[in-house]
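Everything below concerns the one structure shown next.
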Amino acid sequence: MQRKIIHIDMDAFFASVEQHDRPELRGLPLAIGRDVPRGVVSTASYEARPFGVRSAMSIMQAKKRCPGLLIVPPRFGRYKEVSGQIHAIFHEYTDLVEPLSIDEAFLDVTENKKGMGLAIDIARAIKREIYEKTGLTASAGVSYNKFLAKIASDYRKPDGLFLVHPDRALDFVGRLPVEKFWGVGPKTAQTMHGMGIVTGEQLREVSLSHLLQRFGKQGKIYFDFARGIDNRPVVVDHERKSVGCERTFMEDISSKSTVIIELYHTVLELVERLERSGFEGRTLTLKLKWDAMTQITRSITHTKALRTKDEILPLAKRLLSQTEYGSRPVRLMGLSVSSPVHDSDGQKPWQEWVEGYLQFH
């Protein structure tokens with residue numbers, strides 16, 4: 001029996017929450033982020049997007065593209081509250097819910113609590129209930145697997161609803177640009193273009209052996225996706241393994257003071273993401289890329305969860321001191337927290353040896 005999968009994705013979630021809560025912001029171009037020299041756009045409203053403002057863009061660049069752009073500080077507590085309302089609606093229809101982030105999720109409604117026969121009717125009902133209870137719009141994609149449902153949810157944004165029927169799936173996939181395929185980033189797309197692959201139909205003509213040769217294990221996924229195949233189930237107990245962020249600099253940075261400043265801002269962004277996700281981990285990893293081919297990582301594990309700037313920044317500086325920064329230009333810097341803390345059963349997190357930094361004379 002084919003699955004009935006819905007992918008729900010809120011429309012410009014953070015920005016939409018702010019415009020809902022503050023009517024004076026409605027219809028205005030705005031970006032959620034911190035208006036500081038190294039601030040980054042978290043979400044851009046639909047009024048800002050025609051100017052080229054998008055997520056992960058620097059605030060400085062966003063304001064250049066859209067001179068009238070309003071910068072609104074994030075309120076992650078409020079976003080989490082609204083997300084809880086939305087997920088409660090999901091569970092009115094099915095308990096097979098796989099959250100992908102605070103504002104999107106997969107739902108398996110093959111068997112559902114309402115006894116509804118058509119997945120598109122369920123998606124329509126969920127969208128309507130979300131709007132009635134939160135005042136926000138969501139876009140929904142409906143199909144028989146996760147790959148197609150996710151693509152479909154982005155097809156008619158905002159406030160979209162799109163169904164990829166099994167009978168039309170191959171034609172739909174065949175017309176898709178390869179950039180739309182889940183897991184195909186800019187570099188992979190460039191490689192595919194070099195192979196003469198621009199659409200799903202052209203990807204379908206490439207043999208499995210050739211895709212495996214060029215893309216490794218990922219080649220099998222591309223092979224299946226081109227045929228509308230994705231057998232992954234909706235995973236309810238999906239556990240996040242890490243939270244991280246990284247930034248590639250417009251120009252390589254060399255001076256120690258500049259690297260330290262960038263490390264500080266990267267720590268602030270990491271703390272923001274940890275707060276947003278609710279993730280708790282004990283291992284901090286620093287990644288530096290010297291050039292296009294060379295990168296290093298350094299890690300340290302703490303006995304307690306790493307949550308705040310005061311906890312993370314000293315460890316990040318310690319890891320940085322173990323590298324050749326200052327003598328080699330830095331192209332990319334990243335920080336991540338991993339090793340989830342499991343203490344919900346009342347047991348203490350397991351302990352491990354942590355490298356000490358005692359001074360010996």
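Computed from the coordinates by the stated procedures, all read-outs in this text should not be read as laboratory data. Just so it is clear, the model here is predicted, and its values are computed rather than measured. Positions of Cβ are generated from backbone atoms using ideal geometry, with glycine treated the same way; all protein chains shown enter the neighbour counts.
Quick look at the numbers
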quantity: Max mean-square fluctuation residue, GNM over the chain, Cα-Cα springs under 10 Å, options Asp103, Asp291, Asp154; calculated: Asp291
quantity: Of the GluC sites (Glu not before Pro) in region 219-296, those whose Cβ has at most 10 other Cβ within 10 Å and which sit in DSSP loop; calculated: Glu239
quantity: R0 of 41 Å, Cβ-Cβ distance Lys217-Lys114: FRET efficiency to nearest 0.05; calculated: 0.60
quantity: Trypsin sites (Lys or Arg not before Pro) restricted to DSSP loop in region 234-295 with at most 14 other C-beta within 10 Å; calculated: Arg240, Lys241
quantity: Evaluated at q = 0.08, 0.12, 0.14 Å⁻¹: base-10 log I(q)/I(0), Debye formula over Cα of the chain; calculated: -0.49, -1.12, -1.41
quantity: More than 25 angstrom apart: percent of Cα pairs within region 48-172; calculated: 35
quantity: Cβ-Cβ FRET estimate between Arg227 and Glu81, R0 fixed at 35 Å, reported to 0.05; calculated: 0.25
quantity: Projected-area average for region 164-216 over all orientations - Cα convex hull basis, square nanometres; calculated: 3.7
quantity: Cross-link reach list, lysines versus Lys80, counting only Cα pairs under 16 Å and skipping chain neighbours closer than eight places; calculated: Lys133
quantity: Where only alpha carbons of region 1-96 are counted, the Rg and the Dmax (Å); calculated: 15.8, 54
quantity: More than 22 Å apart - percent of Cα-Cα pairs taken over region 193-269; calculated: 57
quantity: Helical contribution to [θ] at 222 nm, DSSP H n ≥ 4, -39,500 (n - 2.57), averaged over the chain, rounded to 500; calculated: -10500 deg cm²/dmol
quantity: Per-bin percent of Cα-Cα distances, region 51-91 [5 Å]; calculated: 5, 20, 19, 12, 13, 14, 11, 5, 1
quantity: Percent antiparallel among DSSP beta bridges (both partners in the chain, rounded to 5); calculated: 85
quantity: Proximal aspartates and glutamates to Lys309, defined as alpha-carbon separation beneath 18 angstrom and excluding residues fewer than eight positions away on the same chain; calculated: Glu246, Glu262, Glu269, Glu272, Glu275, Glu280
quantity: Cα-derived Rg over Rh, computed across region 136-273 with Rh taken as Kirkwood radius; calculated: 1.08
quantity: Whichever lysines have a C-alpha closer than 29 Å to that of Lys187, once near sequence neighbours (fewer than 8 apart) are set aside; calculated: Lys63, Lys64, Lys146, Lys150, Lys157, Lys217, Lys220, Lys241, Lys287, Lys289
quantity: For region 218-306, with +1 on Lys and Arg beta carbons and -1 on Asp and Glu, the positive-most of Asn231, Ile253, Gly278 along the dipole; calculated: Asn231
quantity: DSSP H segments from the chain that extend 15 Å or more along their own axis, Cα-based, with Kyte-Doolittle mean of -1.0 or above; calculated: 76-93, 119-134, 256-277, 309-320
